[in-house]
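A.B. asks: Please read through the structure below; I'll follow up with questions.
The values are calculated or read from the model by the stated rules, or taken from the named source; none is laboratory data. Because the structure is predicted, anything quoted here is derived from the model rather than measured. Glycine gets a Cβ as well: all are built from the backbone with ideal geometry, and neighbour counts include every protein chain shown.
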Amino acid sequence: MHSMTAISAILAQATPATPGGGASAIVSLMPVILIALAMYFLMIAPQRKKQKAQEKMLAELKSGDEVLTTGGIFGTITNVKDSRFVVRIAENVKVEIPKSFVHSVVAKSDGEEKK
């Protein structure tokens, strides 16, 4: 019974006592709204932009492009499959890696440098 009294006392303090209390509720929520907007523009939007650039880069890769894998191995794409690349990492050494393991393009097959 004591906890019910404490909860009702807290709720009574939380509700506005004046009829114009609705405006103060909006003003009190303003910092929370501003923090949410700041998080979106500082964290979520740049990450989404980076993810789209990575997906575009993976879609444009073709045989002959030199790539760097997430494991730090340089290689040249020899074959493009549905969900993976066949990469030559040394003479007579080819490995199949998932497309998501390509970190960046070192050189395009037409000689254009890309970082």
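A.B. asks: Here are some residues: Leu61, Leu29, Leu11, Leu68. Which one is touching a Phe, Trp or Tyr at 6+ places or on another chain (Cβ under 9 Å) and at pLDDT below 95?
C.D. replies: Values: Leu29 fails: touching a Phe, Trp or Tyr at 6+ places or on another chain (Cβ under 9 Å); Leu11 fails: touching a Phe, Trp or Tyr at 6+ places or on another chain (Cβ under 9 Å); Leu68 fails: at pLDDT below 95.
Going through Leu61, Leu29, Leu11, Leu68 in turn, just one is touching a Phe, Trp or Tyr at 6+ places or on another chain (Cβ under 9 Å) and at pLDDT below 95: Leu61.
A.B. asks: Sort through Gly71, Gly75, Gly64 and tell me the only one that's free of Cβ contacts under 8 Å to residues at least 60 places away in the same chain, assigned to a loop (DSSP other than H, G, I, E, B) and surrounded by 10 or more Cβ atoms within 10 Å (Cβ to Cβ).
C.D. replies: Gly64
A.B. asks: Could you please let me know if Met39 is out of contact with any helix residue (DSSP H, G or I) (no Cβ under 9 Å at 6 or more places or on another chain) and modelled with pLDDT of 90 or more?
C.D. replies: yes
A.B. asks: So which residues in region 78-108 are touching an Asp or Glu at 6+ places or on another chain (Cβ under 6 Å) and assigned to a loop (DSSP other than H, G, I, E, B)?
C.D. replies: Answer for region 78-108, where residues must be touching an Asp or Glu at 6+ places or on another chain (Cβ under 6 Å) and assigned to a loop (DSSP other than H, G, I, E, B): just Lys108.
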